[in-house]
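Contents: one structure, followed by commentary.
No lab work stands behind these numbers, since they all come straight from the coordinates. Since this is a predicted model, take the numbers as computed values, not measurements. Cβ: placed from backbone, ideal geometry, glycine included. Neighbour counts: every protein chain shown.
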Amino acid sequence: MKRAAVILFLVGVVMLLAIQLVPYGRDHTNPKVVSEPPWDSPATRATAVIACFDCHSNQTVWPWYSNIAPISWLVQRDVDEGRNHLNFSDWRAGQGHAAAGKVSSGQMPPFQYLLAHPEARLSEADKAAFIDGLVATFGDVAD
């Protein structure tokens, strides 16, 4: 039984090392900032930087664990999808109308982001002020 556990452990270590060779999740490029939305206030932008920019901008801060598979795959996927849905650094009119609704409903920031970034966990007062700022910047609370 002990031998089987050791073999299983060694196979797990070898597999963990082998998946490090998969290139997805290590392209930590931040494209140029093209344009930002017309923020209603510096406070709204500052909160967006804390709670949103890592996935929804070209100003992503790539933490150390974003270089270790399989976590790197999850981080890269979240950033790719986030930038696809809403990118505060490549702003085009008409984007952002659903942002307040996503924050209001608790869909954003997502749970997995909050686990690694406790500073993005907003108090109820900060969340309400942020939602008001998003509505003032982008419009209604549609989701």
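Projecting the Cα positions of C52, V11, V135 onto the charge dipole of the chain (unit charges on Cβ atoms of Lys, Arg, Asp and Glu, taken about the Cα centre) puts V11 furthest along the positive direction. Cβ crowding within 10 Å ranks S104, S72 as S104, S72, fewest other Cβ atoms first.
Residue exposure proxy: E36, E119, ordered by other Cβ atoms within 10 angstrom of their Cβ from fewest to most, comes out as E119, E36. Restricting region 1-109 to chymotrypsin sites (Phe, Trp or Tyr not before Pro) that sit in a DSSP loop and have at most 14 other Cβ atoms within 10 Å of their own Cβ leaves Y24. Rounded, prolate or oblate: which one fits region 1-81, using the alpha carbon gyration tensor with axes a ≥ b ≥ c (rounded when a/c is under 1.5, else prolate when a/b beats b/c, else oblate)? It is prolate, given that a/c is not under 1.5 and a/b is the larger ratio.
By how many degrees, 0 to 90 and rounded to 10, does the Cα axis of helix 2-19 deviate from the longest principal axis of the chain? Compared with the principal axis, the helix lies near 50 degrees.
Extension gain, M1 to Q20, is 3.9 nm, computed as 0.36 nm per intervening residue step minus the present C-alpha separation. Which of the three applies to the chain, rounded, prolate or oblate, going by the alpha-carbon gyration tensor with a ≥ b ≥ c and a/c under 1.5 meaning rounded? Prolate. Entry note, region 2-138: relative contact order of 30 percent, from Cα contacts under 8 Å with a spacing of 6+ residues. Cross-link reach is defined here as a Cα-Cα straight distance under 25 Å, omitting same-chain residues fewer than 8 places apart; for K127 the lysines meeting it are K102.
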